[in-house]
């Protein structure tokens, strides 16, 4: 049960001053809280004996008020430290979690659903923070404060009465062990179900247009209702066990009160304790109620925190498929790019996605990659990003194997525009500045002109300050592509990778963009994959892929002379363009 505290040892060591002060003051507060009942008991004994005076009564009242003010102040100190630590660990874990996600490779996100990762970054981290704050409070109150109150009851009143009153406590210990294991198992299942629900919400919201287009609203409602019902059932399973804690403790506390009152009256009648002692004892017994409840809360919080920390650690302990080598080779400038007999297979694939690919591309040249759907065009381009472990063969940049180049260095050379454009829920300006932080408006407009987006920008309500919506929902497909292109152009990358990034624009706009690329990227390397062959007519080299193999290569003129797939596809597209 307490393994969660051991696993969080790094945080407690880091914040040892905060927790040393907080826990020490908490213990002092508990000790001071024992004094008012004792003072009240003494005052009652003086009243019974008839020796109370106005002066002594004022003294008792003043002492109790002074103690209450002291308790008020030190309670503020321990709450600020303990619950401040709770907020701090939440911030640290959430930052660590997010930073870790940013280092993970695509295969990790193929294995883990977005909704579940969101659940771990929110609910699970929150449960751990509760363990660090409220959990530490219940740990101290259910152990040290409990022991201090028992000590006061035994030494300041009567050990015999104390021993009799705590007879029901073993029942609490047995019940807590049983309930604690059930809470851990059921809470883990409930959190997994919450992750499933998050994932369904994300899919439904992002795909709402498709759902409406196919009139699937009712089916999606039923699907979501089934998932929420599953979440409800699993959380109710947790609540059913959780609901046993308080009744069990109340039952045991009630037994303690009955025993304490009955046996206490007997001892008063036998003159073994005074009436004031019995009043003090009952006040102490009232004070011990919270530590008894704290035992239940402690089990509950620790089990939930432990289950959540296991889920968080599962993600944090995941190792990216691709990591920097211990001693990366320093390459100042990306020159010749070489693929030497490269064979590659995705981790989730059962067949080779690239087979025996060999090509070379000098600095400043343009490579066109074409082929039918599923031929491996995107896979070939992604090899330069080094997002997956390299297969057999070698990929060299300036004569250095790509896996020996620092990832930050490698990605710093790249400007990448994928098939599926990803825009952030910000303005057009902010999305483009993602390629060059704090770029001036003049620089942004230059990139926009290169992407042939200038005329479209003028039609947007707020120009550069237009919010594009989630994933660019307020823009058309062609507009999203050109904002993405602008983001890549503004970075002026040494290597520009366009993965079918012109598919949503018309032929005339495509021609303008291609002309701008040719004129503005002189001396820099460009790789373009496309279905529309007109986008790569100007390329220094074009390769045709089929089933991951290069079946044709050469310039546009040379490929037309081969009378193969390229010529056939080119003539078909020319006919389509003329008919259009």
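Laboratory data are not the source of any read-out in this text; all were calculated from the coordinates shown. Just so it is clear, the structure is predicted and the values come from calculations on it, not from any experiment. Glycine gets a Cβ as well: all are built from the backbone with ideal geometry, and neighbour counts include every protein chain shown.
What residues of the stretch 482-497 lie in the reach of a label at residue 206, counting those whose backbone N is under 19 Å from a point 7 Å from the Cα along Cα→Cβ?
Residues 484 fall inside that zone.
Go through (1) 47.8; (2) 33.3; (3) 37.0 and flag the label whose value is the computed mean projected area of the Cα convex hull in nm² for this structure.
Answer by label: (3).
If each residue's Cβ is checked for other Cβ atoms within 10 Å, how do 61, 495 rank with the fewest at the top? Write down the numbers at each step before the final one.
Details: 61 12, 495 20.
Placing the least packed residue first, the sequence is 61, 495.
Using helices alone, what [θ] at 222 nm do you get for the chain, with -39,500 (n - 2.57) per DSSP H run of 4 or more residues, divided over all residues and rounded to the nearest 500?
It lands at -20000 deg cm²/dmol.
Given a cut-off of under 8 Å on Cα pairs at least six residues apart, what relative contact order in percent is computed for the stretch 89-316?
42 percent.
Once you order the gyration tensor axes a ≥ b ≥ c over the Cα atoms, which shape class does the stretch 312-430 get: rounded for a/c under 1.5, otherwise prolate or oblate by comparing a/b with b/c?
It comes out rounded by the Cα gyration axes.
Express as a percent, rounded to the nearest 5, the fraction of DSSP beta bridges in the chain (both residues included) that run antiparallel.
Beta bridges within the chain, antiparallel portion: roughly 50 percent.
Based on the inverse mean of 1/r over its pairs of different Cα atoms, what is the Kirkwood hydrodynamic radius of the stretch 186-299, in Å?
18.6
Any chance you could get the radius of gyration and Dmax over the Cα atoms of the stretch 14-129, in Å?
Every Cα atom of the stretch 14-129 included, Rg and Dmax give 25.2, 83 Å.
How fast does the stretch 45-189 diffuse by Stokes-Einstein, in µm²/s, taking the Kirkwood radius from C-alpha pairs at 4 °C and 1.567 mPa s? Spell out each step's value before the answer.
On the way: Rh = 20.5 Å.
Rounded, D is 63 µm²/s.
If neighbour count is taken as other Cβ atoms inside 10 Å, put 130, 238 in order from fewest to most.
Starting with the residue having the fewest Cβ neighbours, the order is 130, 238.
Multiplying the sequence separation of residue 251 and residue 18 by 0.36 nm and subtracting their Cα-Cα distance, what value in nm do you get?
Additional length available on full extension: 80.2 nm.
Could you work out how far apart the two model spin labels at residue 144 and residue 229 are, taking each label as a point 7 Å from the Cα in the direction of the beta carbon, and quote it in nm?
Spacing of the two 7 Å Cα→Cβ label points: 5.0 nm.
Take the Cα radius of gyration of the stretch 36-92 and divide it by 2.2 N^0.38 Å, with N its residue count; two decimals is plenty.
Working: Rg = 18.7 Å, N = 57, 2.2 N^0.38 = 10.2 Å.
Compared with the compact-globule rule of thumb, the stretch 36-92 sits at 1.83.
Would you calculate the separation in nanometres between label points at residue 394 and residue 351, each defined as 7 Å from the Cα along the Cα-to-beta-carbon direction?
The modelled label-to-label distance comes out at 3.0 nm.
Step by step: find N for the stretch 130-185, compute 2.2 N^0.38 Å, then divide the Cα radius of gyration by it. What's the final number?
On the way: Rg = 14.2 Å, N = 56, 2.2 N^0.38 = 10.2 Å.
The value comes to 1.40.
Cα centroids of the stretch 347-407 and the stretch 121-182: how far apart, whole angstrom?
If we compute the Cα centre of each part, the gap is 61 Å.
Where does the stretch 89-316 land on Rg(C-alpha)/(2.2 N^0.38 Å)? All intermediate terms of the calculation are to be shown ahead of the outcome.
Numbers: Rg = 24.6 Å, N = 228, 2.2 N^0.38 = 17.3 Å.
Against the compact-globule rule of thumb, the ratio is 1.42.
What's the center-to-center distance, using Cα atoms, between the stretch 206-242 and the stretch 265-285 in Å?
59
Residue 425 versus residue 243, label points 7 Å from Cα toward the beta carbon: distance in nm?
3.6
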